[in-house]
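Visitor: Below is a structure I'd like to ask you about.
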Amino acid sequence: MTMPVRLRPLNRWLEPLFALAVAAGVVRAGVYFYYNDHLPQPFFYEPFDTWMDWFNTAYWAYETGAYDAWGSVYPPLSFVFLRIFSLSHCYQNASGYAARECDWFGLVTLHSIFLLNIVLLWLTFRKVDRQTAPWRTIALGLSLPALFGLERGNLIVVTFTCCILGFGPLLKSARLRWLAVGMGINFKIYVVAGLFPQLLRRRWRWFEGAVIATVVVYLVTYAAFGAGSPRQIYDNITYVTGLYQAATFLELWYTVTYQPLVSLLTGQTWMVSQIIGSRNVDLLAFWLPLTWRLVQLSIAIAAFGAWLRPEVVPMHRLTFLGLAMVMITAEPGGYTECILIFFVFLERWKGFARCWSIFASYVLCLPFDIILDRVPPMIQESYLAGHATFFNYYVTLGPFIRPALVLSLALALSLLTIRDVWVDIRQQGWRSRWRYRRDVPLLPGVARPVRPANPAELL
């Protein structure tokens, strides 16, 4: 797709401006905290719950019943990892809240990994494009998804590290990349969606190696933790997803999809209809699911096109489409947007679809929101401030815009992929030029083609 001449210099000033806006948003959040004793919206609505995703999980790493009593959906690696990077005496006869006051090692680990991610982003983006690397590093490293994950203490911070190393260009060793991907899947199961697109490029060896690494990591950590069988994890996931029903507007606080909004519309129609009218409720409940179904269809068609013409689609885009398919199907939480944005930022500023995707990703990075209406304040205990404070709740634009931007990312890059495949087929015919001997299968009993001369092609 040829970019109009007038669009070519846009990124020279647009990306620096967005990076500065993200940095300004971080400064604004600090100033807001100074005057209000809690972080502004859209940071988490429970100011006393700061970092508790980390410490609650660490608490169950030392207690029995993580999968029975707590109903965890995390594979055992999460608990083994937190056992290693925490102080065990802080969790003896103590709750997660009490452990937060004691376990300084866990806090240092969490923030060190967050800073490591920024360094890894800089090294990755510099390999792709030195001109845009500083701006994309600042924007994504200090983005709302990254900061939200840090404020929650969620293991997405560690998962993001694994995704950068496993799917990015930094590691030369294929085995280390397989290990990183295997660990990422064992931290967050939905990362497996980024692995299957390898099959579209006929990268059999890469796929098999990553699957083996995933299984090995799981078996080792399962043996070390002593719980977390596949059946337990599956039952907990189906139980949690089956019970989900949005009850208040707080469920829309920071989401990736419109599913919480649709759940709220269908579950509390009598309340919402008083605000926007019953006809609008019916229209939204019909059109919103149809919208994400159409985007899913476009991703599926793009995947089929990539199978026909793997040589015209970059691997990072295929990985993005695989992860996007899962994230717009389920609701994994707003902090997972950092993974999607990472793959979008590997694209170059070329053509409308890429330019729009990069632009929308920058908007998703902005760590502030636009207020539409105000809700009466409540008295909440602020952990960071150390005392009770008035917490102002607002109805903001973000929960209605961010899911649309995520859908637009997936739609734009899937349509770009379909177009590239169609153009290549029209020019070259239906016969692909892709060399099927690029990869050597690991599994026995499979015909092994001649190994390519360049070992880097095996990565």
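Visitor: If you plug each phi of the range 142-153 into the Karplus form 6.51 cos²θ - 1.76 cosθ + 1.60 with θ = phi - 60°, what whole-Hz ³J(HN,Hα) values come out, in order, with x for Gly and Pro?
Guide: 10, 6, 4, x, 5, 5, 5, x, 5, 5, 7, x
Visitor: When the helices in the chain are scored as -39500 (n - 2.57) per DSSP H run of 4 or longer and the sum is shared across all residues, what 222 nm value do you end up with, to the nearest 500 deg cm²/dmol?
Guide: So the helix-based figure for the chain works out to -20000 deg cm²/dmol.
Visitor: How much of His316 can a 1.4 Å solvent probe reach, expressed as accessible area in Å² and rounded to 10?
Guide: Only protein atoms counted, so the area is about 40 Å².
Visitor: Cβ neighbours within 10 Å, averaged per peptide: list 34-43, 217-226 in order, most packed at the top. Numbers along the way, then the final one.
Guide: On the way: 34-43: 17.5, 217-226: 15.6.
With the highest mean Cβ count within 10 Å placed first, the list reads 34-43, 217-226.
Visitor: Through the Karplus equation 6.51 cos²θ - 1.76 cosθ + 1.60, θ set to phi - 60°, convert the phi angles of the range 196-209 into ³J(HN,Hα) values in whole Hz; use x for Gly and Pro.
Guide: 3J(HN,Hα) across the range 196-209, in whole Hz: 5, x, 4, 5, 5, 9, 6, 8, 4, 5, 4, 5, 5, x.
Visitor: Evaluated at 25 °C with a viscosity of 0.890 mPa s, what Stokes-Einstein diffusion coefficient in µm²/s does the range 356-422 have when Rh comes from the Kirkwood expression over alpha-carbon pairs? Walk me through the numbers on the way to the answer.
Guide: Working: Rh = 14.9 Å.
Answer from the Stokes-Einstein relation: 165 µm²/s.
Visitor: So what's the net charge close to Glu46: Lys and Arg +1, Asp and Glu -1, counting the other residues with Cβ under 15 Å from its Cβ? Don't jump to the answer; show the numbers that get you there.
Guide: On the way: positive: Arg100, Arg152; negative: Asp37, Asp49, Asp53, Glu151, Glu251, Glu381.
Net local charge, Glu46 excluded: -4.
Visitor: Now for a different question. Taking the Cα centre of each part, how many Å lie between the range 377-410 and the range 292-368?
Guide: So the two Cα centres are separated by 25 Å.
Visitor: Work through the residues other than Pro169 whose Cβ is under 11 Å from its Cβ and net out their charges, Lys, Arg +1 and Asp, Glu -1.
Guide: Working: positive: Arg126, Lys127, Lys172, Arg177; negative: none.
Around Pro169, the charge tally is +4.
Visitor: Something else now. Rank Leu144, Leu171 by accessible area, highest first, at a 1.4 Å probe radius? Kindly include the intermediate steps, with their values, before the conclusion.
Guide: Working: Leu144 0, Leu171 45 Å².
Per-residue accessible area, sorted high to low, gives Leu171, Leu144.
Visitor: What does the charge dipole of the range 79-132 about its Cα centre add up to, to the nearest 20 debye, if the Cβ of each Lys and Arg holds +1 and the Cβ of each Asp and Glu holds -1?
Guide: So the magnitude is around 260 debye.
Visitor: Relative to the Cα centre, what is the charge dipole magnitude of the chain, using +1 at the beta carbon of each Lys and Arg, -1 at the beta carbon of each Asp and Glu, and rounding to the nearest 20 debye?
Guide: 2820 debye
Visitor: Computed over the Cα atoms, what is the radius of gyration of the range 7-70 divided by 2.2 N^0.38 Å, N being its residue count? It would help to have the intermediate numbers written out before the result.
Guide: On the way: Rg = 19.5 Å, N = 64, 2.2 N^0.38 = 10.7 Å.
Expressed relative to 2.2 N^0.38 Å, the Cα Rg reads 1.82.
Visitor: Taking amide hydrogens as modeled 1.01 Å from N in the peptide plane, which residues meet the under 5 Å criterion relative to Tyr393, leaving out close sequence neighbours?
Guide: Val375, Met378
Visitor: Note down the accessible area of Thr329, probe 1.4 Å, to the nearest 10 Å².
Guide: 70 Å²
Visitor: Something else about it: Any cysteines in the chain with zero other Cys Cβ atoms under 4.7 Å from their Cβ? List them, or say none.
Guide: Flagged as lacking a Cys partner: Cys162, Cys163, Cys338, Cys355, Cys365.
Visitor: Let me check something: with ligands and nucleic acids excluded, how do Arg293, Arg426, Arg202, Arg354 order by accessible area (1.4 Å probe), largest to smallest?
Guide: Details: Arg293 125, Arg426 180, Arg202 15, Arg354 40 Å².
Largest accessible area first, the residues go Arg426, Arg293, Arg354, Arg202.
Visitor: Compute, for the range 278-420, the length of the dipole vector about the Cα centre, with Cβ point charges of +1 (Lys, Arg) and -1 (Asp, Glu) only. Units Debye, rounded to 20. Don't skip to the answer; put the middle values down first.
Guide: On the way: 10 positive and 9 negative charges, 97 e Å.
Using Cβ point charges on Lys, Arg, Asp and Glu, the range 278-420 gives about 460 debye.
Visitor: Can I ask one more? For the residue pair Trp422 and Leu170, what label-to-label distance in nm results when each label sits 7 Å from Cα along the Cα-to-beta-carbon direction?
Guide: In this crude spin-label approximation the distance works out to 3.9 nm.
Visitor: Going from most exposed to least, what order do Tyr91, Tyr234 have by accessible area with a 1.4 Å probe?
Guide: Ranking Tyr91, Tyr234 by accessible area, largest first, yields Tyr234, Tyr91.
Visitor: Please tell me the relative contact order of the chain in percent, rounded to the nearest whole number, where contacts are Cα pairs under 8 Å and at least six residues apart. Kindly include the intermediate steps, with their values, before the conclusion.
Guide: Details: 669 pairs, mean separation 101.8, N = 459.
This gives 22 percent for the chain.
Visitor: Taking the alpha carbon gyration tensor of the range 1-150, what are the square roots of 5 times its eigenvalues, largest first, to the nearest whole Å? Could the numbers behind the result be given before it?
Guide: Numbers: eigenvalues 283, 74, 36 Å².
Semi-axes from the Cα gyration tensor: 38, 19, 13 Å.
Visitor: What is the gain in length, in nm to one decimal, between Arg83 and Ile401 on full extension, counting 0.36 nm per residue of separation less the C-alpha to C-alpha distance?
Guide: Details: separation 318, 0.36 × 318 = 114.48 nm, distance 3.87 nm.
Contour length minus the Cα-Cα distance gives 110.6 nm.
Visitor: Under a straight-distance cross-link criterion of Cα-Cα below 14 Å, which aspartates and glutamates are reachable from Lys172, leaving out those fewer than 8 residues away in the same chain?
Guide: Straight-distance partners of Lys172: Glu457.
The values are calculated or read from the model by the stated rules, or taken from the named source; none is laboratory data. Computed from a predicted model, the values in this text were never measured in an experiment. Every residue, glycine among them, receives a Cβ derived from its backbone with ideal geometry; neighbour counts consider all protein chains shown. Accessible surface is based on the protein model in full, side chains and every heavy atom, while ligands, DNA and RNA are left aside. Shrake-Rupley method; radii C 1.70, N 1.55, O 1.52, S 1.80 Å.
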